[in-house]
1. So for the pair SER36, ILE272, with labels modelled 7 Å out along Cα→Cβ, what separation do we get in nm?
2. Report the residues of the range 243-276 in range of a label on LEU10: point 7 Å along Cα→C-beta, backbone N strictly under 20 Å from it.
3. Hey, rough spin-label estimate for ILE253 and ARG94, points 7 angstrom out along Cα→Cβ, what's it come to in nanometres?
4. Largest first, how would TYR90, TYR256 line up by accessible area (1.4 Å probe)?
5. Amide H neighbours of GLU261 under 5 Å, counting only residues 5+ apart in sequence or on other chains, H built in-plane at 1.01 Å?
Amino acid sequence: MAGSLEARPLFGIGLAAMGYSCFALQDALVKLLVESYEVPQILFVRSAVIVLITGLLAYRYRHPSILKSKYRGTVVIRAALMLTAWMLFYSSARYLGLAELTTLYFSAPIMVMFLSIFVLKEKVGAGRWIACVVGFVGVVIAANPANSPNWLPATLCIIAGFCWAWSTILIRLVSRSETTLTQMYATSALFGIACALSLPWLWKNPDAQGWLLMIGVGLVSTIGQYLLYEGFRYAPASSLAPVEYTGLIWAFIYGYVIWTEVPAINVFIGAILIVAASLVLVSWARRSMRMAKEPIS
């Protein structure tokens, strides 16, 4: 079975690409919803849909309970970080275009490198430092803090990326023992509980379109997560890392189709620099892996 998975990297890349297109669609749907509804309400319905689907599947296939995991405390911390990230990200969506929003949020992979140094004690070579600096410059250009009136939501979006980067580091720990369905179920359940606490003050009865969009967010998110994690089964992580940036392309497309948004030139330049920096990181990681495998003569 393992051999057949390794023999289908293109299939894995295709699954991941579809997953990231789902995430971009999710962001577009939420951007539509935040014009009329509060973020906690949207996240509550989204979480309820994910919990229902993953809970039924986890029960059907007898996945172990997260309560028995030695990483259950880490799961709670990760859920809190992800909830903070989503709250800040979707609050920023009221004020930023979809392309600008996604570009700033995609600073997260650059931040992961910094955190991997201090948290995971990974060694970082010159190539990765250069890529990190280029990516940071791209974020600054995309945010355009000197001239943009939206500097506050842009800052919130970057902080959201930092929280997401922290959660990515924790995923590396939790995934060593927990299944995908278990993690999705536990994280979304914690999301739902946290958001439910604010509903008595924030809840607004959705109309038919509101319900359709909110449930659609949950379904698209569930499908996107499943496709992405399945992609990791068929292709190595180093091959899938660049695929994440197809989400930028989809964000530009959805932004234009739905809102006729044409991103400013600084957003295009920033996106190019961020993608270039991440591709350098992937290339450097592959080079390091090859050198590690080569026998010492």
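1. Label at SER36, label at ILE272, 3.9 nm between them.
2. Answer for this model: 243-244, 246.
3. The modelled label-to-label distance comes out at 3.0 nm.
4. Numbers: TYR90 0, TYR256 125 Å².
Descending accessible area places them as TYR256, TYR90.
5. Long-range HN contacts for GLU261: TYR256.
The values are calculated or read from the model by the stated rules, or taken from the named source; none is laboratory data. Remember, predicted model here, so these are calculated numbers, not experimental data. Here Cβ is always computed from backbone atoms with ideal geometry, including for glycine, and neighbour counts include all displayed protein chains. When the accessible area is computed, the model is the full protein with side chains, heavy atoms only, and any ligands, DNA or RNA have been set aside. Shrake-Rupley method; radii C 1.70, N 1.55, O 1.52, S 1.80 Å.
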